[in-house]
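Working notes, beginning with the structure itself.
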Amino acid sequence: MKEIKISIPEYDNGIECVWEENFKIKTSAPFDALTIEANREGLISLARHLLHLAQDDVPNGCHFHLDEYNSLEDGSLELIISKNEDL
């Protein structure tokens, strides 16, 4: 198994989105299925955000919200990813 090291921000009363340089992410829902397309930098950035949310000290309900006006490519659907320990 290949090991990849990635630095994630510590939780400090909010989620900090740290992006790789030149990241690109686009969301769509063709055929009623959510599709996330991203270049390498975009995938690394999303992985960092997910790992940030997964930290033990991040409270339930904490989330990040992305859309075409905030980090996603033009024409993208809104994307909200939330921590929910009640699932």
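Data overview
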quantity	calculated
Top-ranked residue of segment 2-19 - restricted to ones that are under 12 Å from the mean Cα position of the chain (by Cα) and without any contact (Cβ under 8 Å) to a residue 40 or more places away in the chain, ranked as farthest from Cys62 (Cα to Cα)	Val18
Tally of residues being out of contact with any helix residue (DSSP H, G or I) (no Cβ under 8 Å at 6 or more places or on another chain) and more than 14 Å from Ser82 (Cβ to Cβ) across segment 15-54	22
Residue within segment 37-46 that is within 27 Å of Lys5 (Cβ to Cβ), of a type in the set (D, E, K, R) and in contact (Cβ under 8 Å) with a residue 24 or more places away in the chain present	no
Check on Glu10, of a type outside the set (Lys, Arg) and either touching a Pro at 6+ places or on another chain (Cβ under 7 Å) or farther than 19 Å from Ile80 by Cβ (or both)	yes
Filtered residues of segment 36-87 (kept if assigned to a strand (DSSP E or B), among the β-branched types (Val, Ile, Thr) and surrounded by 12 or more Cβ atoms within 10 Å (Cβ to Cβ))	Ile36, Ile81
Residue in segment 4-22 that is surrounded by 10 or more Cβ atoms within 10 Å (Cβ to Cβ) and outside any loop (DSSP other than H, G, I, E, B) present	no
Residues satisfying the stated conditions in segment 22-36, i.e. of a type in the set (D, E, K, R) and farther than 22 Å from Ser7 by Cβ	Lys26, Asp32
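Each row is one residue, and each column tells you yes or no for (1) modelled with pLDDT of 95 or more; (2) under 19 Å from Ile15 (Cα atoms).
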{"site": "Asp32", "(1), (2)": "no, no"}
{"site": "Ile36", "(1), (2)": "yes, no"}
{"site": "Asn39", "(1), (2)": "yes, no"}
{"site": "Gly42", "(1), (2)": "yes, yes"}
{"site": "Leu46", "(1), (2)": "yes, yes"}
{"site": "Leu50", "(1), (2)": "yes, yes"}
{"site": "Asn70", "(1), (2)": "no, yes"}
{"site": "Glu73", "(1), (2)": "yes, no"}
{"site": "Lys83", "(1), (2)": "yes, yes"}
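The values are calculated or read from the model by the stated rules, or taken from the named source; none is laboratory data. Fair warning: this is a prediction, and the values are worked out from it, not measured in the lab. Here Cβ is always computed from backbone atoms with ideal geometry, including for glycine, and neighbour counts include all displayed protein chains.
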